[in-house]
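Encoded as structure tokens, the structure appears first; notes follow it.
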Ligand SMILES: Nc1ncnc2c1ncn2[C@@H]1O[C@H](COP(=O)(O)OP(=O)(O)O)[C@@H](O)[C@H]1O
Ligand SMILES: [Mg+2]
């Protein structure tokens, strides 16, 4: 048969709809081809024009983000962002989601998520040196949630531990909106010699296109959209597993072989195979280089017999790489791959015609302009509309309380603090991160558990500091603010160690973009993200968009997950959040502002505050972070902790627990005790310094124009915060006592609540069975 | 209560056809080092042996079926089969070749 | 070269009696959640299925025995048994109950 | 002349580079050994590093045991050569029968990565001679299959014959004998974290001394073990190479 024979009935067959393409999209394909696509071509378009590959809804938004900055060597559009860190070295980093696969099969979904993001890193020529995982689930008491948590954590560990990349941080959040749709975002960081920076391009017509790594099977076909079509073509869909299984051992070999190929200058371009498989890897590399690629279908090594052409072309089998190789380098490339036990196949060659063409046994099965599949894919202008009510109103029947009144109502703030610090979202994540190898590589300076992760750059005094944060609770109320707060928190976590944030990667987890409200949330979040990054002077060097995060009847809270990597030139200047020495002076920098909506306190109190979330002043945030870095650089700081979830009280408690020492503070307050102690207004840090440096520290803060207050000292085995001043007196005096305005808890009690909270929330041992892994 | 009898079963869980089996591949890859050849299609799965107290074999098998489908296997990637093995299996010798008992 | 035939075997590897089997205990521990009772002595092991090309069944079995004793099981902690299963096994349906074939 | 110590890279090894770096820090010249080559390049000692050799598929360490390099390592050990297996390397040694016992899945059935304390039961071996006192050493574990198991007879023999090299310990140095002791990360019988062969030239342990070699990494206690190995190897090299049977280090039980 001649594959390109005209099939004018394509639209009538409705095949495109089965493949998830709209009539409008089919017309757009026709206009790009000047004819009807055949079945194979249609399958290729259907994966490449999926939201996942084409960003057809989000592209116009993402274009508004700031992407340039000093030292940016690669930005969005490459597999990962790359930023110079001096001395000829650079860091590559990127975050990506694997929400849907993890919802179906948590272990393999999470595992292959780690595998995919690692490939994005070493494709750039960087050796992966760290992973962070940002996880979100529904109710921790629910058995299904426990099953998902267990599987996802095992999957992240099962993969990362085996490939030998330490998992050094992340976050774990429970929120009812993720009940039917968990969010699994994984960030990876790599280190490279600038000269070895490699791009995913297919230059030089005549060069060979080489596939190495695992063989191609039927797995993951339709990870994009083809699965929706049970009857697609003649392929036997019953044979097609819906779940991709990861092989971290193969990935480890891929890392070593790929880096060796790059180091020896044997390849012209390198691309990993992810969504869209061979179709995506070939069309993207060709498009970036302005070339074409001719693929010989029969040359692609398969794991199974009788695979249909479309199965081979869009299979998402894991652990595969595509290299563009000069013919005279082929033998050397083969030698490297085979030494690492990896099958190698020449599957095509680079052409000058700009087309992705697929041939088999002399016949041409498909011919499509590469750019039609990639940079010239369809773009949709979606409708955005804010929800009718922007603020979270209390649910019907729930009594409306002034939620910040809790302590005034006679409740001991110490009890509130214990409840907060032992709550599912704020307690220690030890149960999670002990399942991850966090020190393989012998570079982990600060392992998971106490703020931002710190990994050294071997052979230098430099360290990289990384944090992944996303604020879904404020995003649910105000997506632009939520995204900006996420950027502020992630960068602040980095800055308080003394490190300078280098750039931002982000993963936008949102609902169905064809719903105007969901698209409004997405566009607002992108606006907030862009504003925050511009204010902080940071480029967005990459990221990932995950849409359609909805289960029947409900979308997840908008979740802008922000990954930040920072650089500290001198390890000896690294600042920890743990209180250090008795007698150190405690200083609070930054100003509290009212607003409890979206706070952990509001969740605990079970009320929906009507006052809205606290405001974010980006200029103040930028000044605060610049100040903390300067103070750290001048060695004025003994410890630095930022105020985030749980507010000031939780920040202090963490410093006390981690430092195994208490503190005594007298806090003049102007707001209610709840706002002062548990409010989450941003741009605040708690610093300590030796008495000798305290004055200089306070002076420096003033020079940066920041509100600063010396509030107490480190010491003892209790955390004591006395509230004084206007805000404190009223309520307390009514009760005839000042004591209720003091928080006073033994550090050991705080530590106990913090240590056991998560395991208790998950019911001791999550009850999923640990059978399914290798 | 009615009296019950003990029935011993094995549940064999194997990766479904088409599902990548990295363990099986690793075994195949190592055969050369062992000086063995002519071995292929290696699939590595799990075998769970257990005893069920039930009124009769049919009832026992029903329990095992439920256990196998809900707990012991992951239906997305694994297939299972239930095998009656009799009580003797727990007393068998080490590594002795033995035909499976029906 | 003499002509060969394909023989399919399963090697069942189980923890020896007395060896700690935390997986077996975990299965027992989760029976309550499933509302199942009357199940005990759960042992979780491994099942490896493979095809051997050999001149005859005896020769094939010899190869499998070697593989089973040297690679697939650790004699310190595990017992194994070899089971001839015929080629049909790769084509069986998911989760269908089936008597083991001799 | 600096002593040459080999580190084997199996496909899937992932702490081979860490072991090489630790050796360099301890003053040795690390030599990369490749799984497919039986050539030990004349090294004076061998480290089998951590990782997931051949994916640890089937059973940790079992496939690696059959690799060409292990034939050479076995022969090397046979002739009294010093071999240290760390984590996955310990699993390979156990599978190969070069040290007694087996490493089962952790009792928790979970991978565990945390800082632990271990005590050296003996300080008269080539692997522990630089340890100055009985204070516990702090270093990380990171494994899913580290639960040490041997039958009662073997355990009795190990205890009587000085075969237990390291035991998990509490912060105060008291041994974590019980399988369910908080300080025993994997449920190992008698809290055994590492063992040594009867002839005293082959040792394996689950914790990672090679990761605990600088204070900035949380501990440098592991360097004492690496340095012990390097010193012993240097001594043996000076005395005429690795083929020294029943070297001077082993003086019977404690
Ligand atoms: N899923 C996870 N994987 C690894 N580490 C985690 C995970 N969740 C949290 N952590 C670690 O636990 C600590 C607390 O997390 P989080 O409260 O989000 O930190 P922060 O307030 O500094 O952003 C951090 O060190 C973080 O890296
Ligand atoms: Mg956080």
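Couple of notes before you dig in:
- 0 to 90° range, to nearest 10: angle between helix A:277-289 axis and chain A longest Cα axis: 90
- Region D:15-88, relative contact order [Cα under 8 Å, separation at least 6], %: 36
- Extending 7 Å from Cα along the Cβ direction at residue D:239 and again at residue A:332 yields two label points whose distance is 4.7 nm.
- 222 nm mean residue ellipticity, helices alone, for chain A (DSSP H n ≥ 4; -39,500 (n - 2.57); rounded to 500): -10000 deg cm²/dmol
- Spherically averaged projected area in nm², based on the convex hull that wraps the Cα atoms of region A:1-121: 11.3
- Sorting B:16, A:94 from the fewest to the most surrounding beta carbons within 10 angstrom yields B:16, A:94.
- If you model chain A as an ellipsoid using its alpha carbon gyration tensor, with each semi-axis the square root of five times an eigenvalue, the axes come out at 49, 28, 22 Å, biggest first.
- The mean sequence distance of close C-alpha pairs (under 8 Å, at least 6 residues apart), as a share of the length of region D:4-238, puts its relative contact order at 21 percent.
- With label points set 7 Å from Cα along Cα→Cβ, the inter-copy distances at residue B:37 are 5.9 nm, sorted shortest first.
- Tilt relative to chain A, helix A:143-163 - C-alpha long axis, 0 to 90 degrees, to 10: 70
- Backbone N under 12 Å from the residue D:134 label point (7 Å along Cα→Cβ), restricted to region D:164-182: D:173-175
- Using C-alpha pairs under 8 Å with a sequence gap of at least 6, the mean separation divided by the residue count of region A:58-133 gives a relative contact order of 20 percent.
- Region A:585-662: C-alpha gyration tensor shape, a/c 1.5 cut-off, then a/b vs b/c: oblate
- Taking Cα atoms only, the orientation of helix A:479-495 departs from the longest principal axis of chain A by about 80 degrees.
- Gyration tensor (alpha-carbon) shape descriptor, region A:575-762, a/c threshold 1.5: rounded
- For region A:649-688, the residues whose backbone nitrogen is under 18 Å from a point 7 Å from the Cα of residue A:582, taken along Cα to Cβ, are A:656-665.
- Using a Förster distance of 35 Å, the FRET efficiency for residue D:2-residue D:114 (Cβ separation, nearest 0.05): 0.55
- For region A:338-359 and region D:15-36, distance of Cα centres in Å: 36
- Estimated purely from DSSP H runs of n ≥ 4, each contributing -39500 (n - 2.57), the mean residue ellipticity at 222 nm for chain D is -7000 deg cm²/dmol once divided by its residues.
- Relative to the other identical copies, residue C:70 shows label-point distances of 4.5 nm, where the label point lies 7 Å from Cα along the Cβ direction and values run shortest first.
- Whole-angstrom Cα spans of region A:247-382 along principal axes, big to small: 45, 37, 34
- Shape class of region D:4-238 from the alpha-carbon gyration tensor: rounded, with the ratio a/c of largest to smallest axis under 1.5.
The numbers here are math on the coordinates, done by the rules we state, and not lab data. Quantities reported herein were computed from a predicted structural model and do not represent experimental measurements. Quick reminder, even Gly has a Cβ in these numbers, built from the backbone with ideal geometry, and neighbours come from all protein chains shown.
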